[in-house]
């Protein structure tokens, strides 16, 4: 069974890694880093594949935003709700959002789309995307690799206990996601309390807050939001 799994991983592992990193990809990349430690994948190949998937993914989302960004946000209510927070990040960090978008859970796809709706230079986004994709791919690949190395110091026969190790690694990744969602839930607590007070008030009306968009000067002259 393990030999069949090894052959399957060696044949299709890089394909799944590319597709996973084209989307979100942290979980699959950490697992790939662990398999690289087990010599079932090559660590350089893992980093390069993850770099390619991540880089091409963000390039696709950026140009999709430039082509049909406003239409997409209006079409999907979920994107419309999240775009307000995404615009605040763009307003706060400007073009640097192109570098940090991979580390903002829940906004990985949306932020390049929003940046595509601005006049942010394609060349500037390209350079920032290359730097971000390379550091992201190397960091999360090595995280999985070092997890395997640490486990080898504790467990002598990794192959024997590999299913349990993979389960433990999956639980660790799940805890990372859970911590993120708990953090977001805690940050939204004041808004929920305010909404509850408004609903309990006699009028029961909620005044809409103005929709914030990047103003001129948030970017450089060639980076302001398209009208």
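Read the figures in this text as sums done on the coordinates, not as results from a lab. Here the structure is a predicted model, which is why all the values come from computation and not from measurement. Cβ: placed from backbone, ideal geometry, glycine included. Neighbour counts: every protein chain shown.
Some notes on this structure:
- Gain on full stretching of the segment that runs from residue 74 to residue 100 - 0.36 nm per residue minus C-alpha separation: 6.9 nm
- Footprinting exposure proxy ranking of 73, 109, 114, 155, fewest other C-beta atoms within 10 angstrom first, gives 155, 109, 73, 114.
- Sites residue 119 and residue 139 - FRET efficiency at Förster radius 35 Å, r taken between beta-carbons, to 0.05: 0.70
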